[in-house]
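Peer 1: Below is one structure. I have some questions about it.
The values are calculated or read from the model by the stated rules, or taken from the named source; none is laboratory data. Keep in mind that what you see is a predicted model, and the values were worked out from it rather than measured. Heads up, the Cβs are rebuilt from the backbone with ideal geometry, glycines too, and the neighbour counts pull from every protein chain shown. Each accessible area value is taken on the protein alone, full model and side chains, heavy atoms only, with ligands, DNA and RNA left out. Shrake-Rupley method; radii C 1.70, N 1.55, O 1.52, S 1.80 Å.
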Amino acid sequence: MKIKKETLRLYAITDRSWLKEGETVAMQVRLAIEGGATIIQMREKHLDFDEKLRLAFELKAVCSQYGIPLIINDSVEIARLSGADGVHLGQGDTDIDEARKILGDGKIIGATAHNKEEAVKAFEAGADYLGSGAVFPTGTKSDTVPLSFDELKRICSAVEIPVAAIGGINAENVKRLAGTGISGVAVVSAVFAQEDIRLAAENLRKLTDKVCMEDK
């Protein structure tokens, strides 16, 4: 399924470790969308299958209210059962062509690409967008490999699908991504760890819009 570049502009990825007392992931997602998030990914690795499925249904309901796509991290089966809009696959996850067979042409399939070669391979396999990083140091994942701005440029130039930069991106450093050719940024703590999630998303969206518009 082809998606517009603007769909990736502010890609908010959930993380329940930032939940405040009395807050739910669904509440956080609603605030992020109201602030300007353009796509949501559910990434809750520590939940069991049933808990993930329940949460996926909750988040799908919220996202549908705003017309925002919900992507499930890693699990094609959760994406299929919940009616989510798509799945994001890492290098060690289900093959893109297998995911396409299960989910069909109407769903979004994203893929992780750490270099130009992985990007081209994912594009040729039928990925609809790429997530590439880590462009900055990040505390969210411990196994990330740094991705240079030059390699990010090569990735964006090598494929005809949108690319979201990921890894340690925040309101202070996002401007440094200008000129790389990205369509947007994928973030976790820059939105969900902030005291005011809606305001954080709004500020980051404005900055990212400017970064991406400069590349046109």
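Peer 1: Taking the solvent-accessible surface of protein heavy atoms with a 1.4 Å probe, what is the per residue accessible area of the chain in Å²?
Peer 2: Computed with neighbouring chains in place, this is 48 Å² per residue.
Peer 1: To continue, here is another question. Between N73, N203, N173, find the one with the highest GNM mean-square fluctuation for the chain; connect C-alpha pairs within less than 10 Å.
Peer 2: Between N73, N203, N173, it is N173 that shows the largest mean-square fluctuation.
Peer 1: Please identify every one of the trypsin sites (Lys or Arg not before Pro) in region 2-100 that sits in a loop by DSSP and has no more than 15 other beta carbons within 10 Å of its own beta carbon. Each step should come with its number before you reach the end.
Peer 2: Numbers: sites: K2, K4, K5, R9, R16, K20, R30, R43, K45, K52, R54, K60, R80, R100; in loops: K2, K4, R9, K20, R43, K45.
Here the trypsin sites (Lys or Arg not before Pro) that fit, given the DSSP loop and packing criteria, are K2, K4, K20, K45.
Peer 1: State, to one decimal in nm, how far the label point of E98 lies from the label point of E214, with both points 7 Å from Cα in the Cβ direction.
Peer 2: Distance between label points: 4.2 nm.
Peer 1: Select from region 119-212 those GluC sites (Glu not before Pro) which occupy a DSSP coil region and have at most 16 other Cβ atoms within 10 Å, ordered by residue number. Please report the intermediate quantities before stating the final value.
Peer 2: Values: sites: E124, E151, E160, E172, E195, E202; in loops: E160, E172, E195.
Here the GluC sites (Glu not before Pro) that fit, given the DSSP loop and packing criteria, are E160, E172, E195.
Peer 1: Which residues in region 179-216 have a backbone N closer than 19 Å to a point placed 7 Å from the Cα of D150 along the Cα-to-Cβ line?
Peer 2: Of the residues in region 179-216, 179-182 have backbone N under 19 Å from the label point off D150.
Peer 1: Follow-up. Taking the alpha-carbon set of region 31-172, what are its Rg and Dmax in Å?
Peer 2: 15.0, 41
Peer 1: A further question follows. Taking only the C-alpha atoms, wrap a convex hull around region 16-93 and report its volume per residue in Å³ as a whole number.
Peer 2: It is 98 Å³ per residue.
Peer 1: Tally up the carbon and sulfur contribution to the accessible surface of the chain as a whole percent, 1.4 Å probe, everything protein left in place.
Peer 2: On the way: 5020 of 10290 Å².
Within the chain, the accessible surface is 49 percent carbon and sulfur.
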